[in-house]
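The block underneath contains the structure these notes are about, expressed in structure tokens.
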Amino acid sequence: MKIERAEVIVTSPDRNFVTLKLTTDDGITGIGDGTLNGRELAVASYLSEHVVPLLIDRDASRIEDTWQFLYRSAYWRRGPVTMAAIAAVDVALWDIKAKSVGLPLYQLLGGASREGILAYGHASGKDTEALFDSVRSHQEQGYRAIRIQTGVPGLKSIYGVAANVTQPGNEGKRYDYEPAQRALRPAEEDWDTRSYLRHLPTVFEAVRGEFGPELPLLHDGHHRMTPIQAAKLGKALEPYDLFWLEDCTPAENQQALRLVREHTTTPLAIGEVFNTVWDYQGLISEQLIDYVRSAVTHTGGVTHLKKILEFAAQYQIKSGIHGPTDISPVGMAAALHLDLAIHNFGIQEYMKHGDATNRTFKQSFTFEDGYLHPGDQPGIGVELDVDEAGKYPYQTAYLPYNRLADGTVHDW
Ligand code: GCO
Ligand code: MG
């Protein structure tokens, strides 16, 4: 079973996606997601220029060997571009292997450890009323766990809050096609940590008051706080029993989480911008976090994320795989097979893709009554409609960034 063809497909239905499609000499195809939000073409070029030529004529059944070859032979290790490219190859090979034996991928990863995969969705609103409506609408869609993001008084637009709806022309837009906006320059947002720290506990108090104690609630701090600010927030949120507080500090300083941990029992999740197990080494072995947030797409694929999660399992740390809309349906499906198979599953982030994306990527995974399932099609269960993909050429898109009131660029 040799790889005969490797195509890199960049398409932009609703937003940009990078997909690698491999075809073997016996006609089996496999696809993998290599989308890196706002930097898509870097991965596409890494794949086409440096990886595709190495794949032709390789044995498609040697997944681990191909992973090690791509990781070690490059010499330049880690980094989101490299690891997203390796992920695309890895998932495409798992798709091929599972199809070649006629099984859904999760069967090759050890079989199902549960019946369904608990998902959380993103509720947001610029004020409490809009937020409550958004929470209700998510509950109506079936979500049983909900992330809460809101506007902060005095700040015009904030990442994670419905489509900058306060800006003219954006009324009613879905926020989830952001934060990468199709524009020639990154959108500028504003930020003030002190206002945020004062405001957020009042939001959670209101949400608990309205929706009761049972509903699992999550929050994403998006790397904006210093360790001591994050510690203060974690402590202030304790009465509201969060499922997790995500990315409370910039992720690259693992020591920061030790300080936060010493001050609060609010569970901590981190890792959407990590790309190898080495980013987690201290965090896991010293039990400084509770959930691993990496995406299959950004962490070298199923092969490497499975190893990270097995390492985490020894320390009672669970999965919380990254799943916003910049993870394509291919990356999402791969995550669901892993979620179903591992023992230390925690929760799966899930935002619904738009219609054009769903037409381009035919999916067999399901979302019912708050639970996802990858389905039982052989492989990962997603097929790319290449003709449909061809209708949506790449569009320049950037993530936003933010500045403090005095104009200083801040973490976001
Ligand atoms: C999340 C994330 C996303 C990211 C986006 C960046 O928790 O879902 O923070 O909203 O900002 O995926 O590419
Ligand atoms: Mg996040």
**OP:** Looking for whichever is within 16 Å of ligand 1 (Cβ to nearest atom), assigned to a strand (DSSP E or B), of a type in the set (Ser, Thr, Tyr) and modelled with pLDDT of 95 or more here; the options are Ser294, Ser319. Which one fits?
**Re:** Ser319
**OP:** Kindly state which strands (runs of 3 or more DSSP E) lie completely within segment 1-114 and contain at least 3 residues that are open to solvent by 10 Å² or more (accessible area, probe 1.4 Å).
**Re:** 3-11
**OP:** Please indicate, with yes or no, whether at least one residue in segment 333-343 is within 16 Å of ligand 2 (Cβ to nearest atom) and open to solvent by less than 10 Å² (accessible area, probe 1.4 Å).
**Re:** yes
Original post:
With respect to the numbered conditions (1) at pLDDT 95 or above; (2) in contact with a Phe, Trp or Tyr (Cβ under 7 Å, 6 or more places away or on another chain), which one is the sole condition not fulfilled by Leu245?
Top reply: (2)
Original post:
From the list Leu218, Leu242, which residue is within 13 Å of ligand 2 (Cβ to nearest atom) and hydrophobic (A, V, I, L, M, F, W, C)?
Top reply: Leu218
Subject >> Yes/no for Glu129 being under 25 Å from His373 (Cβ atoms), of a type in the set (Asp, Glu) and without any contact (Cβ under 8 Å) to a residue 40 or more places away in the chain >> reply: no
**OP:** Tell me, please, whether a residue that is assigned by TED's automatic domain parsing to the domain that holds Tyr143, more than 22 Å from Glu129 (Cα to Cα) and at pLDDT 95 or above can be found in segment 203-221.
**Re:** no
Original post:
Going by the conditions given, is Ala389 more than 16 Å from ligand 1 (Cβ to nearest atom) and under 27 Å from Asp279 (Cα atoms)?
Top reply: no
Original post:
Can you find even one residue in segment 250-270 that is polar (S, T, N, Q), within 14 Å of ligand 2 (Cβ to nearest atom) and buried (at least 22 other Cβ atoms within 10 Å of the Cβ)?
Top reply: no
**OP:** Name every residue in segment 385-400 that is free of Cβ contacts under 8 Å to residues at least 40 places away in the same chain and either within 14 Å of Val18 (Cα to Cα) or buried (at least 17 other Cβ atoms within 10 Å of the Cβ) (or both), in order of residue number.
**Re:** Asp385
**OP:** From the list Ala335, Ala405, pick out the single residue that is away from ligand 1 (no atom under 15 Å from the Cβ) and either at pLDDT below 95 or outside any loop (DSSP other than H, G, I, E, B) (or both).
**Re:** Ala405
**OP:** For residues that are part of a strand (DSSP E or B), open to solvent by 10 Å² or more (accessible area, probe 1.4 Å) and farther than 24 Å from Arg147 by Cα, tally how many sit in segment 352-384.
**Re:** 4
**OP:** Kindly provide the set of residues from segment 144-161 that are within 16 Å of ligand 2 (Cβ to nearest atom) and farther than 17 Å from Pro186 by Cα, ordered by number.
**Re:** Ala145, Ile146, Arg147, Ile148, Gln149, Thr150
Original post:
Can we say Ala84 is under 30 Å from Lys391 (Cβ atoms), touching a His at 6+ places or on another chain (Cβ under 6 Å) and hydrophobic (A, V, I, L, M, F, W, C)?
Top reply: yes
Subject >> Which listed residue, of Glu246, Glu349, Glu286, Glu310, is surrounded by fewer than 24 Cβ atoms within 10 Å (Cβ to Cβ) and over 22 Å from Trp67 (Cα atoms) >> reply: Glu286
Original post:
Looking at (1) more than 26 Å from Ile321 (Cβ to Cβ); (2) free of Cβ contacts under 8 Å to residues at least 60 places away in the same chain, which is the only condition Leu184 fails?
Top reply: (2)
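The values are calculated or read from the model by the stated rules, or taken from the named source; none is laboratory data. Keep in mind that what you see is a predicted model, and the values were worked out from it rather than measured. Don't worry about glycine lacking a Cβ; one is built from the backbone with ideal geometry, like all the others, and counts go over all protein chains shown. For accessibility, only protein heavy atoms count, side chains too; no ligands or nucleic acids. Shrake-Rupley method; radii C 1.70, N 1.55, O 1.52, S 1.80 Å.
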